[in-house]
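Note sheet for the following structure.
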Amino acid sequence: MLRDTLQQVLIQAVEAAQADGSLPRVSIRAPEVQRPRQPDHGDYATNVAMVLASAVKRETGQRANPRQIAQAIVSHIPPNGLIGQVEVAGPGFINLRLAPEWLQRQVLAIVQAGDRFGNIDRGQGQRWQVEFVSANPTGPLHFGGARNAVLGDSLSNVLEAAGYQVQREFYVNDAGTQFQLFVETLYARYLQLLGQEAPLPEEGYQGQYMVEYARRVREQEGDRLAQLPREEALRALWPLARAIVLQDLEEELALIQVHFDNWFSEQSLYDEGLVDQVLEILRQRGDIVERDGALWFRASKYPGNEKDEVVVRSNGMPTYFASDIAYHYDKFCRRRFDVVVDVWSVDHQGHVPRMHAVMRALGLEPDRLIILLYNLVKLVRGGQEVKMSKRAGEFVTLREVVAEVGPDAVRFMLLTRSPEAGIEFDLALAVAQSNENPVFYVQYSHARICSILAKARAAGFAVDEEPGPEVQADLQRLTHPAELDLIRKMLELEEQIDLAVEKRSPHNLPHYAMELARVFNLFYRDCRVVDPAEPERSRARLLLCRAAQVALSRVLGLMGMSAPESM
């Protein structure tokens, strides 16, 4: 990363100043290098001189003037072609400005990097799993679950861009009471289609989609299941019901470009005996005890937990928590992921401490399990909230919203807030074709670049040629402030990727995309791109447009959105 390179330059300067006696030999941690709040303070700033002054006082007992330390550091910064201007400001800040010649050369580097532009190697190949959506397989995905899908998938994208190996997983809750209730409801609807009296189970699923699912069963099985005893029919229907609803979920999620590497069955944990095996491991360690005829996990042994948790009820039925324990044992101890990210809605926040207790009980570092909690989505139409309740059958599906506003609007709008903040999804704004709609603004900016390049192509400019090193001479013509500002903004992408990984959330990407589009449009306003009277400058600016196209396409891709060539 550029910031890391600047950090190393500053370390070299400090070491050089210490070597010739300009600075006392005291230990110093890696200096912080940040973008200043005010652009006129430079491209980057560091407080290394003030940190060093504190270290001098701590280790020698002597006072040191931070400004004098800063001057000593500045005078020892080696020539490197990267840094253009350096100044000492305020009580001892060092402001750094990137050299225009270096910025100009980055245009070629961006174009040549293509869809690898912005990639960093923070992860160094670590194996991470991101488990998300994992909605009960009891019907179509209601729109409230779309935020989980978008958050988990976009986070996976930035993790991959940061050098991690990522597996996307959907945990299929096909072993609990909700799925059993779903199967029983489906069986009743199936019998009704065959003309039989079959009341829906109490608390059954009421939606019309259950009738559609029953029609699929009838198409596949005819009346065969109606000829079987009820319990035998339910057992035979179980895999059919699972296949039908998972196919629906897979197709719906594909509408917003969400695809999973693995669909993991909760039932498989019981079929393989893993739940019993892991509970026995914990029992031998003293973390499972029997009390009141039930089995309890001794969560209260561990920080953040005030009470123990039931894993097997007194009637012998395991709880969801028993499955969760075995499932995470499988993730860490059998499949050996370095880190697991679980994306959960905020109403599951009470489960977080007990899952970290499970990690400790299994001898695993709790920090290896990241539970990303997100707040709920309020869908608004005409100023009124649209209620979503799957069991009542009155809910808006992801499919319906995508049909109304498009997949890109869904993804962009659901990424604009941090996970812990609630989101009000305005259906009218999502389809507005104006700059008030940030989705339209960003994608239109990409389409504008494509239009500029098409017009230049028609005017005889070879915009499609693969640029080589010889192009660098042309890039020296990029001296306008708007041109250099655009290059600077594009180079922020690697920091945006790093920030998204650090925060475990890509909600910064939509805002960066809007800012990148804004800076490009300012460049386009202030700089004539194709000017037959100045072909060399035009070629340089066209290459700059290609770089901006790469950068905008890249950030749109990280968000899981398309980069349209026309609108």
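For this structure, a couple of remarks:
- In this entry, S300 passes the filter for residues that are of a type in the set (S, T, Y), assigned to a helix (DSSP H, G or I) and surrounded by fewer than 18 Cβ atoms within 10 Å (Cβ to Cβ).
- Residues satisfying the stated conditions in segment 39-50, i.e. of a type in the set (D, E, K, R) and either surrounded by 13 or more Cβ atoms within 10 Å (Cβ to Cβ) or outside the structural domain of A64 (by TED's automatic domain parsing) (or both): D43
- Residue check for R67: in a helix (DSSP H, G or I), over 22 Å from G118 (Cβ atoms) and in contact with a strand residue (DSSP E or B) (Cβ under 9 Å, 6 or more places away or on another chain): yes
Each row is one residue, and each column tells you yes or no for (1) without any contact (Cβ under 8 Å) to a residue 60 or more places away in the chain; (2) in contact with a Ser or Thr (Cβ under 8 Å, 6 or more places away or on another chain); (3) among the hydroxyl-bearing types (S, T, Y); (4) outside the structural domain of D271 (by TED's automatic domain parsing).
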site: E160; (1), (2), (3), (4): yes, no, no, no
site: T185; (1), (2), (3), (4): yes, no, yes, yes
site: A188; (1), (2), (3), (4): yes, no, no, yes
site: P199; (1), (2), (3), (4): yes, no, no, yes
site: E221; (1), (2), (3), (4): yes, no, no, yes
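- Restricting attention to segment 502-518, the residues that are under 11 Å from the mean Cα position of the chain (by Cα), buried (at least 21 other Cβ atoms within 10 Å of the Cβ) and in a helix (DSSP H, G or I) add up to 1.
- Residue in segment 84-91 that is surrounded by 20 or more Cβ atoms within 10 Å (Cβ to Cβ), within 19 Å of A16 (Cβ to Cβ) and at pLDDT 95 or above present: no
Here's the yes/no breakdown for (1) outside the structural domain of K489 (by TED's automatic domain parsing); (2) part of a loop (DSSP other than H, G, I, E, B); (3) of a type in the set (K, R):
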site: L10; (1), (2), (3): yes, no, no
site: A13; (1), (2), (3): yes, no, no
site: Q18; (1), (2), (3): yes, no, no
site: R37; (1), (2), (3): yes, yes, yes
site: L52; (1), (2), (3): yes, no, no
site: R58; (1), (2), (3): yes, no, yes
site: R63; (1), (2), (3): yes, yes, yes
site: A72; (1), (2), (3): yes, no, no
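- Residue in segment 323-344 that is within 30 Å of E184 (Cα to Cα), in contact (Cβ under 8 Å) with a residue 40 or more places away in the chain and touching a Phe, Trp or Tyr at 6+ places or on another chain (Cβ under 6 Å) present: yes
- Of the residues making up segment 317-374, those that are acidic (D, E) and at pLDDT 95 or above are D324, D330, D338, D342, E365, D367.
- Matching residues, segment 75-118, being basic (K, R) and in a strand (DSSP E or B): R97
- Scope segment 345-370; condition buried (at least 20 other Cβ atoms within 10 Å of the Cβ) and either farther than 19 Å from V289 by Cα or among the charged types (D, E, K, R) (or both); matching residues: R354, L369
- Among the residues making up segment 20-35, those that are of a type in the set (S, T, N, Q) and either assigned to a loop (DSSP other than H, G, I, E, B) or under 14 Å from L98 (Cβ atoms) (or both) are S22, S27.
- For segment 442-456, the criterion of being in contact with a helix residue (DSSP H, G or I) (Cβ under 6 Å, 6 or more places away or on another chain), under 30 Å from E404 (Cβ atoms) and among the aromatic types (F, W, Y) is met by none of the residues.
- Among the residues listed as V51, V56, V107, the single one being among the aliphatic types (A, V, I, L, M) and under 30 Å from A547 (Cα atoms): V107
- L141 meets the conditions (1) among the aliphatic types (A, V, I, L, M); (2) modelled with pLDDT of 95 or more; (3) outside the structural domain of A500 (by TED's automatic domain parsing) in every case but one. The failed one is (2).
- Taken over segment 399-436, residues that are over 14 Å from the mean Cα position of the chain (by Cα), in contact (Cβ under 8 Å) with a residue 40 or more places away in the chain and under 19 Å from E252 (Cα atoms) amount to 9.
- Pairs linking a residue in segment 264-292 that is under 20 Å from R242 (Cβ atoms) to a residue that is part of a helix (DSSP H, G or I) and among the polar types (S, T, N, Q), with Cβ atoms under 6 Å and 6 or more positions apart or on different chains, are E266/S323; L269/S323.
Yes or no, residue by residue, for (1) in contact (Cβ under 8 Å) with a residue 40 or more places away in the chain; (2) surrounded by fewer than 21 Cβ atoms within 10 Å (Cβ to Cβ):
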{"residue": "A55", "(1), (2)": "no, yes"}
{"residue": "P66", "(1), (2)": "no, no"}
{"residue": "A70", "(1), (2)": "no, no"}
{"residue": "I73", "(1), (2)": "yes, no"}
{"residue": "Q104", "(1), (2)": "yes, no"}
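- Answer residue from segment 262-290, given it is among the charged types (D, E, K, R) and either crowded, with 17+ Cβ neighbours inside 10 Å or assigned by TED's automatic domain parsing to the domain that holds A188 (or both) and is farthest from K307 (Cα to Cα) among those: E266
- When residues of segment 164-194 are limited to those that are of a type in the set (A, V, I, L, M, F, W, C) and in a helix (DSSP H, G or I), the one nearest to Y327 (Cα to Cα): F179
- E197 in a loop (DSSP other than H, G, I, E, B) and farther than 30 Å from D261 by Cβ: yes
The values are calculated or read from the model by the stated rules, or taken from the named source; none is laboratory data. Please read these numbers as outputs of a predicted model, since none were measured by experiment. So basically every Cβ, Gly included, is an ideal-geometry build from the backbone, and we count neighbours across all protein chains shown.
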